Structure formats: C-alpha cells, structure tokens
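*Asks:* Below is one structure. I have some questions about it.
The values are calculated or read from the model by the stated rules, or taken from the named source; none is laboratory data. Not measured: the values here are computed from a predicted model. In this analysis, Cβ positions are derived from the backbone assuming ideal geometry, glycine residues included, and neighbour counts consider all displayed protein chains. Only protein heavy atoms, including side chains, enter the accessible area calculation; ligands, DNA and RNA are left aside. Shrake-Rupley method; radii C 1.70, N 1.55, O 1.52, S 1.80 Å.
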Amino acid sequence: MSPALTLPDGRRLALGTTPLLMGVVNVTPDSFSDGGMLKSADEAIAHAETLIAEGADIVDIGGESTRPGHAEVDAETERARVIPVISRLATRTRIPISIDSYKAEVAEAALGAGAAIVNDVWGCQREPAIADVAARFGAPMILMHNRDSIDPARDILDDVLRFLERSIAIAIAAGVPREQIVVDPGIGFGKTPAQNLAMIRDLRQLEQLGCAILLGASRKSTIGQITGQKVPAERLAGTLAAHLYGVSQGASIIRAHDIRPHADAFKVWTAIGDAP
C-alpha cells in the first residue's frame, strides 16, 4: 500500500510521486505576506474555496502570524479568528483542513469544528499537550523546526534533525503513529538565508526521520533577497524554483500561497517524469 495520511474520518490522503498542495489561508492582521487581506470569515472561506478550485489538496488555516517580530495572541483570540472559518468551510468541502497552531486548546477546538490535520510550527515543543489532542482525534501532525534566535555558526541540518527527533518522540509518546507524522524544516524560521538554502538543498536528509516531508518556502524573504523582489506576492518564480527543487529532494507536501501556478508546474513535472 502506498504511503498515506489517515484522516480522523478514516479517509486516506495519499502521498505519491506528485506532491500534495497545501493552500495558505491566514486569518490574521499581520502575516508577512497577506496579513489583513482576509478581514472576515466570509472572505477567508471565499479565498479557501478559490484555492481548492485551483488545485489545493489541503487548506491550512491560521489565526496567529508567525513572521519574525509578530505579536503573540492568546488562545481565545486565535479561536475566535479560525473556528468560524473552519466550522463553515468543513460543511462546504471534502478537502482536508489543517489548523496552523501550536496551542493545544486551539487545535482541539479546530479539530472539533471539522479540521483534520494539526500543523504545529513549534513541533510539539511549545505545548506538548497538542500531541495528545491530535492522538485523541486521530489527526495527522505536521511538525516544524523552529528557533527563537538565529545562529549563523550553527550546523543547521544537525539542529533540524535533532529538534525534529525530539518532536517526533513527543508525538509518538502521545499516541500519534510515525506514519501519521509529517516533518517540515521550517524555512524562514530561526535561520539565516544561507541556512534556509542549505536546508532546501539537503532536504532529502530528513528522510532518515522516517516521516513524510513538507516544504514551505512560499514568498519567503530569502527568495526576495536572491531575486531582488521586495514585495512578497511578486516572489512566485523564485518560490516555484525552490519548491520544484524541494520535490526533487523528497518533499511530498508543498505549502504555498499561489496554488494554480504550482498545480500547473507539478503537472508538467509529472508529465516529464512519465514520458516514455
């Protein structure tokens, strides 16, 4: 049987040779790329449905910005932002919804409202109880590497591997099977531009963790520094290059803002690979 994530309702989300696309829906006033764009639940739902029509396999909904220097919000505020979107969207689509949060309380409310995947940018290391929540609901987890500070001298690959090993151990101890875990190197989180590029280059090294790999380099500042594009929304070409390279290095899920161009790129990628 090909690898797959099993969702709480028993459906299986296949992880094949063509990467899955996770569309970003930020219900926040201050996200680095699109903060404040979606000012109501109606706008967020409409945006999510656009991403689905363009080819998103997963919709990732977040209510707290994680950009550098962001203002933290409490669980009550975060719930108030995401739950109206998730609860309504879940009745309108069969596409799995992931909750982008490191808070156990928010994850529990989101899964109860119809989300199917937990995407934790702190890999269970801010609130380990989030793993217990995912296990209780039977939800897959995405565990991301993160750091509070940037250290240019650090061996970033070793740091990512050791961090994710701890994250995986927390999740497994809580009852989340390894085959239900996806790891994310955390491009743009606690890393220099050179470290970000090194992690994309060395992405295949994460396979030693025994989990599927997600890559999310969409519109990141490292791409802007290389291309000279200061506006995040204008970094599509660089984003596609980074993501296609990541797919060549084993990424099975790509988290992106611009779904249609990614879907088209991956169709061509797959066609080339399947050519006789």
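*Asks:* I'd like to check which helices (runs of 4 or more DSSP H) are fully inside the range 6-124 and have at least 2 residues that are modelled with pLDDT under 95, over 23 Å from residue 178 (Cα atoms) and not aromatic (Phe, Trp, Tyr).
*Replies:* On the way: elements: 41-54, 75-89, 104-113.
Answer list for the range 6-124: 41-54, 75-89.
*Asks:* While we're looking at this one, here's another question. In a loop (DSSP other than H, G, I, E, B), surrounded by 15 or more Cβ atoms within 10 Å (Cβ to Cβ) and of a type outside the set (Lys, Arg): does that describe residue 189? Let's see the steps before the verdict.
*Replies:* Working: in a loop (DSSP other than H, G, I, E, B): yes; surrounded by 15 or more Cβ atoms within 10 Å (Cβ to Cβ): yes; of a type outside the set (Lys, Arg): yes.
For residue 189, the condition - in a loop (DSSP other than H, G, I, E, B), surrounded by 15 or more Cβ atoms within 10 Å (Cβ to Cβ) and of a type outside the set (Lys, Arg) - is met.
*Asks:* While we're looking at this one, here's another question. Quick check on the range 137-178: of everything there that is in contact (Cβ under 8 Å) with a residue 24 or more places away in the chain and among the basic types (Lys, Arg), which residue is least open to solvent (accessible area, probe 1.4 Å)?
*Replies:* Checked the range 137-178; the qualifying residue least open to solvent (accessible area, probe 1.4 Å) is 147.
*Asks:* Further question on the same structure: What are the residues in the range 127-152 that are under 18 Å from residue 113 (Cβ atoms) and in a loop (DSSP other than H, G, I, E, B), if any?
*Replies:* Scanning the range 127-152 gives 138, 139, 140.
*Asks:* Taking interchain pairs and intrachain pairs at least six residues apart, which have beta carbon atoms under 7 angstrom, with the first residue in the range 249-266 and at positive phi and the second modelled with pLDDT of 95 or more and open to solvent by 20 Å² or more (accessible area, probe 1.4 Å)?
*Replies:* 250/204; 250/207
*Asks:* Okay, next question. For the range 237-254, does any single residue satisfy the condition of being part of a loop (DSSP other than H, G, I, E, B) and of a type in the set (S, T, N, Q)? Let's see the steps before the verdict.
*Replies:* Start the filter on the range 237-254 by keeping residues that are part of a loop (DSSP other than H, G, I, E, B), which leaves 249-252.
Remaining after also requiring of a type in the set (S, T, N, Q): 249, 252.
Yes; the residues of the range 237-254 include at least one that is part of a loop (DSSP other than H, G, I, E, B) and of a type in the set (S, T, N, Q).
*Asks:* I would also like to ask the following. Would you mind stating whether residue 151 is among the charged types (D, E, K, R) and under 30 Å from residue 194 (Cβ atoms)?
*Replies:* yes
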